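There's a structure below that I have some questions on.
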Amino acid sequence: MKELNYPFDAGYILKKKKSIKRELLSDGSERIKKKIAILGGYTTSDIKLITELFLLDNGIEPEFYESEYNAFYRDGAFDNPELAAFAPDVIYVCTSNRNITDYPSVSDSAEDTDRLLTNEKEKFTTLWESLSSRYHCPIIQNNFEKPLCRLMGNRDAWDIHGKVNFLTRLNLFFADYAATHDNFYLCDIDYISADYGLKEWSDPFYYHMYKYAVNVNAIPYLAFNVANIIKSIFGKNKKGLVLDLDNTLWGGIVGDDGVENLAIGPEESEGQVFTEFQRYLKEQTSIGVILNVDSKNDEENAVAGLKHPDSVLSPEDFIVLKANWEPKDLNFKEIASTLDLLPESLVFVDDNPAERHIVREQLKGVIAPEIGNPSEYILNIDRGGYFETTSLSADDLARNGMYKSNAGRKALEASFTDYRDYLLSLEMKGTLKPFEDMYIARIAQLSNKSNQFNLTTKRYTPEEIAARAQSDEYITLYGKLEDRFGDNGVVSVAIGHVSGDECDIELWLMSCRVLKRDMEFAMTDAFVKMCAKRGIRTIRGHYYPTKKNGMVRNFFSDMGYTLVSEDENGNREYVLMTEGYVNRNSVIEVN
């Protein structure tokens, strides 16, 4: 929904929250359901309501548990049958600097100050460890905004008795904890409040009147950031950008003005703005964001512009470059298809409001943000939270190289008339093994990101994946695939629950970047072999249809399974006998 994309009108969202929710729930979108517990150090009712809107807009339908006022520690650190029965998928600890028990006074010794700091560290550590051990789910914790007032002025920042110094030291401890504990995430209130304006954010009127530690008008900004973390945890991030060129990556129109007259580079202020924007985009690729071009231009001119001596980005930085005179929405669809992605996985960035409107209208679910003037491009894309990073795997870091390699594979495919000959020419090597600790995070990430090739659409946290890997009740299998173009990383995952001489497949998925490469055959062969070694005679497979996974409707039939039932909703159950199974993979060398 455009009204919920950054930059948004916070007042409008607060005023229209009920009607926005009705519209979202009636739009026919398919959403995953998640249980979210909010443990508040102050009033959180509106935070819950607005967070719900942003989550619905990101494909997550939440159910909430909300603690009583300022009961965050009691609810989290001690036995809580109600919260245990709720069984949260995520816990959000919504605290502020008003929840600090004791601040140092100017008369305190250094030892006294350290003791107070240690008390706060131990209080929160006890809370986090209790939550982790009891509920085994991701925890989101606010760090602390700066104090509204500074007793000693600027000295407050470095003097150990200053509140600014005390909160800074606590924030550093929170950061260290997040860096050393999986499934623990910080909502950076310190930054968000500064970005909003600390004086307005911490307006004491709202605390004394409503027991809100944040200005009510700032709640959408807090809720937006919390929702961004949650949607990232559950694989709802965007994967890349589709960018216009003229007046987006440089000032001017390359076809009219000529490459030499484009505004880019250090010589003038306008050019510096576009250089800075390109540098920002280049940095995005380092966390796995893929860049593409969708421009109304002759391709020769587009490439010439990207080869400008002051251009930070070059043609090689883009996976797909579409420069022609076709409608941009059609080019956008082709770009997504080439990448084997759904269009809504990509964000459209164009200075022209008419083009943004057309893409939004023709490609439902695609975000085309209002980017403002060139000096605002970075801010509006950065604040959009499209690529909120809650995990950063080796596959994320290598994503651009993987997509480039895929483009090379497609070019090679076009030169063959026999598809099997093409597959053999790729010289594919597969590594198929039970889950290993080093890949737990990637496997969990895949379970939350994969929509098209996902037979049961189940989602898992890293803890849930690790528990299945360690249990004799489960058979687990991951698949990596390498070929002459490079390493695709972990691309396929299967989990089966064992009961007697039967195995029930609860998860089977594969990354779309290795579609039609026979990896599904190699995985099936390996899974059947593992089952047979365990004395399993019958494997049961399930297909639960969604709006996105129609491509695998007949997957189990193609793998040799027999359909045994199908209900009115299209849910199917299949069986395969391990005895007499004949391997189907003939093109991948399997380790």
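Just wondering, is there one or more residues in the range 332-353 that are over 28 Å from T546 (Cβ atoms) and in contact with a Leu (Cβ under 6 Å, 6 or more places away or on another chain)?
The answer is yes, given that some residue of the range 332-353 is over 28 Å from T546 (Cβ atoms) and in contact with a Leu (Cβ under 6 Å, 6 or more places away or on another chain).
Taking the range 378-433 as the search range and keeping residues that are touching a strand residue (DSSP E or B) at 6+ places or on another chain (Cβ under 8 Å) and among the β-branched types (V, I, T), which one is surrounded by the most Cβ atoms within 10 Å (Cβ to Cβ)?
Within the range 378-433, the match that is surrounded by the most Cβ atoms within 10 Å (Cβ to Cβ) is I381.
If you take the residues of the range 484-504 that are open to solvent by 20 Å² or more (accessible area, probe 1.4 Å) and more than 27 Å from the chain's Cα centre (by Cα), which of them is modelled with the lowest pLDDT? Break it down into steps so the answer makes sense when it comes.
From the range 484-504, those open to solvent by 20 Å² or more (accessible area, probe 1.4 Å) are 484-487, 497-502, 504; that's our starting set.
Filter once more, keeping what is more than 27 Å from the chain's Cα centre (by Cα): 484, 497-502, 504.
Numbers: R484: 87, H497: 95, V498: 95, S499: 94, G500: 93, D501: 94, E502: 95, D504: 94.
Once the filter is applied, the top-ranked residue is R484.
Just for helices (runs of 4 or more DSSP H) wholly inside the range 1-115: which have at least 2 residues that are open to solvent by 70 Å² or more (accessible area, probe 1.4 Å)?
10-15, 17-25, 81-86
State all residues of the range 505-548 that are farther than 30 Å from E427 by Cβ, touching a residue at least 40 places away in the same chain (Cβ under 8 Å) and surrounded by fewer than 22 Cβ atoms within 10 Å (Cβ to Cβ); if no residue qualifies, say none.
Selection gives E506, R534, I536, R537, T538, H542, Y544, T546, K547, K548.
Give the residues of the range 69-113 that are out of contact with any strand residue (DSSP E or B) (no Cβ under 9 Å at 6 or more places or on another chain) and small (G, A, S), sorted by residue number.
Listed by number, the residues that qualify are A77, A84, A85, S105, S107, S109, A110.
From S492, S415, grab the single residue that is small (G, A, S) and farther than 27 Å from G550 by Cα. Write out each step before concluding.
Working: S492 fails: farther than 27 Å from G550 by Cα.
Answer to the check: S415.
Which numbered condition trips up K121, out of (1) farther than 18 Å from T168 by Cβ; (2) of a type in the set (D, E, K, R); (3) part of a helix (DSSP H, G or I)?
The single condition K121 does not satisfy is (1).
Let me ask you something else. Which one of the conditions (1) out of contact with any helix residue (DSSP H, G or I) (no Cβ under 8 Å at 6 or more places or on another chain); (2) within 22 Å of S337 (Cβ to Cβ) does M438 fail to meet, given that it meets all the rest?
(2)
Let me ask something else. Give the residue, chosen from V293, V303, V349, that is modelled with pLDDT of 95 or more, of a type in the set (A, V, I, L, M, F, W, C), open to solvent by 10 Å² or more (accessible area, probe 1.4 Å) and under 13 Å from D246 (Cα atoms). If you could, list the steps in order and put the result at the bottom.
Details: V293 fails: open to solvent by 10 Å² or more (accessible area, probe 1.4 Å); V349 fails: open to solvent by 10 Å² or more (accessible area, probe 1.4 Å).
Step by step, each of V293, V303, V349 is checked, and only V303 is modelled with pLDDT of 95 or more, of a type in the set (A, V, I, L, M, F, W, C), open to solvent by 10 Å² or more (accessible area, probe 1.4 Å) and under 13 Å from D246 (Cα atoms).
Which of the residues belonging to the range 361-377 are more than 19 Å from the chain's Cα centre (by Cα) and surrounded by fewer than 18 Cβ atoms within 10 Å (Cβ to Cβ)?
Step one: of the range 361-377, the residues more than 19 Å from the chain's Cα centre (by Cα) are 361-364, 370-377.
E361, Q362, K364, E370, G372, N373, S375, E376, listed by residue number.
I've got another one for you. Is it true that D329 is farther than 23 Å from A411 by Cα, of a type outside the set (A, V, I, L, M, F, W, C) and part of a loop (DSSP other than H, G, I, E, B)?
no
Continuing with this model, one more query. For the range 303-347, which residues satisfy the criterion of being among the basic types (K, R) and touching a strand residue (DSSP E or B) at 6+ places or on another chain (Cβ under 8 Å)? If you could, list the steps in order and put the result at the bottom.
First pass over the range 303-347, keeping only residues among the basic types (K, R): 307, 322, 328, 333.
Answer for the range 303-347, where residues must be among the basic types (K, R) and touching a strand residue (DSSP E or B) at 6+ places or on another chain (Cβ under 8 Å): K322, K328.
Could we say that D340 is modelled with pLDDT of 95 or more and either assigned to a strand (DSSP E or B) or open to solvent by 20 Å² or more (accessible area, probe 1.4 Å) (or both) here?
Working: modelled with pLDDT of 95 or more: no; either assigned to a strand (DSSP E or B) or open to solvent by 20 Å² or more (accessible area, probe 1.4 Å) (or both): yes.
For D340, the condition - modelled with pLDDT of 95 or more and either assigned to a strand (DSSP E or B) or open to solvent by 20 Å² or more (accessible area, probe 1.4 Å) (or both) - is not met.
Condition check: small (G, A, S), in a helix (DSSP H, G or I), modelled with pLDDT of 95 or more and touching a strand residue (DSSP E or B) at 6+ places or on another chain (Cβ under 9 Å). Does A178 satisfy that? Quick ask: steps written out before the conclusion?
Values: small (G, A, S): yes; in a helix (DSSP H, G or I): yes; modelled with pLDDT of 95 or more: yes; touching a strand residue (DSSP E or B) at 6+ places or on another chain (Cβ under 9 Å): yes.
When the stated conditions are applied, A178 passes them.
For the list (1) among the aromatic types (F, W, Y); (2) in contact (Cβ under 8 Å) with a residue 60 or more places away in the chain; (3) buried (at least 22 other Cβ atoms within 10 Å of the Cβ), I need the number of the one condition that Y478 fails.
(2)
Just wondering, is there one or more residues in the range 318-331 that are open to solvent by 20 Å² or more (accessible area, probe 1.4 Å), under 21 Å from W250 (Cα atoms) and touching a Phe, Trp or Tyr at 6+ places or on another chain (Cβ under 7 Å)?
yes
Something else: Report whether or not G496 is in contact with a strand residue (DSSP E or B) (Cβ under 7 Å, 6 or more places away or on another chain), under 29 Å from R134 (Cβ atoms) and either in contact (Cβ under 8 Å) with a residue 12 or more places away in the chain or not in a helix (DSSP H, G or I) (or both).
Working: in contact with a strand residue (DSSP E or B) (Cβ under 7 Å, 6 or more places away or on another chain): yes; under 29 Å from R134 (Cβ atoms): yes; either in contact (Cβ under 8 Å) with a residue 12 or more places away in the chain or not in a helix (DSSP H, G or I) (or both): yes.
It is true that G496 is in contact with a strand residue (DSSP E or B) (Cβ under 7 Å, 6 or more places away or on another chain), under 29 Å from R134 (Cβ atoms) and either in contact (Cβ under 8 Å) with a residue 12 or more places away in the chain or not in a helix (DSSP H, G or I) (or both).
Between A194, A213, which is touching a residue at least 24 places away in the same chain (Cβ under 8 Å), surrounded by fewer than 20 Cβ atoms within 10 Å (Cβ to Cβ) and either out of contact with any Ser or Thr (no Cβ under 9 Å at 6 or more places or on another chain) or closer than 27 Å to P138 by Cα (or both)?
That would be A194, the only listed residue that is touching a residue at least 24 places away in the same chain (Cβ under 8 Å), surrounded by fewer than 20 Cβ atoms within 10 Å (Cβ to Cβ) and either out of contact with any Ser or Thr (no Cβ under 9 Å at 6 or more places or on another chain) or closer than 27 Å to P138 by Cα (or both).
How about the range 368-471: which helices (runs of 4 or more DSSP H) wholly inside it have at least 3 residues that are modelled with pLDDT under 80 and under 20 Å from M510 (Cα atoms)?
On the way: elements: 377-382, 394-397, 399-413, 419-425, 440-449, 462-470.
Here the list reads 394-397, 399-413.
All but one of (1) over 28 Å from V273 (Cα atoms); (2) free of Cβ contacts under 8 Å to residues at least 60 places away in the same chain; (3) open to solvent by less than 10 Å² (accessible area, probe 1.4 Å); (4) not acidic (D, E) hold for N454, so report the exception by its number.
Answer for N454: the failing condition is (2).
List the pairs whose first member sits in the range 262-273 and is touching a residue at least 12 places away in the same chain (Cβ under 8 Å) and closer than 9 Å to W250 by Cα, whose second member is outside any helix (DSSP H, G or I) and aromatic (F, W, Y), and whose Cβ atoms are under 6 Å apart, counting only residues at least 6 apart or on separate chains?
Close Cβ pairs satisfying both conditions: L262/W250; I264/W250.
Would you point out the residue of the range 116-148, among those that are within 27 Å of the chain's Cα centre (by Cα) and of a type in the set (S, T, N, Q), that is surrounded by the most Cβ atoms within 10 Å (Cβ to Cβ)?
Ranking the candidates gives N142 first.
Name the residue that is modelled with the lowest pLDDT, counting only residues in the range 230-245 that are among the charged types (D, E, K, R) and open to solvent by 20 Å² or more (accessible area, probe 1.4 Å). Give the derivation first.
Just the residues of the range 230-245 that are among the charged types (D, E, K, R), to begin with: 231, 236, 238-239, 244.
Of the ones still in play, those that are also open to solvent by 20 Å² or more (accessible area, probe 1.4 Å) are 236, 238-239.
Numbers: K236: 91, K238: 95, K239: 94.
Within the range 230-245, the match that is modelled with the lowest pLDDT is K236.
Continuing with this model, one more query. Identify the single condition in (1) open to solvent by 50 Å² or more (accessible area, probe 1.4 Å); (2) under 30 Å from E68 (Cβ atoms); (3) more than 32 Å from the chain's Cα centre (by Cα) that Y206 does not satisfy, given that it satisfies every other one.
Looking at each condition in turn, Y206 falls short on (1).
What number of residues in the range 532-591 are outside any loop (DSSP other than H, G, I, E, B) and basic (K, R)? Give the steps one after another, and end with the answer.
As a first pass, look at the range 532-591 and keep what is outside any loop (DSSP other than H, G, I, E, B): 532-533, 538-543, 550-552, 555-558, 562-566, 572-577, 589-590.
Restricting the remaining residues to those that are basic (K, R) gives 533, 540, 572.
Within the range 532-591, residues that are outside any loop (DSSP other than H, G, I, E, B) and basic (K, R) number 3.
The values are calculated or read from the model by the stated rules, or taken from the named source; none is laboratory data. Because the structure is a prediction, the values reported are computed rather than measured. Positions of Cβ are generated from backbone atoms using ideal geometry, with glycine treated the same way; all protein chains shown enter the neighbour counts. Areas reflect the complete protein model, heavy atoms only, side chains present, ligands, DNA and RNA absent. Shrake-Rupley method; radii C 1.70, N 1.55, O 1.52, S 1.80 Å.
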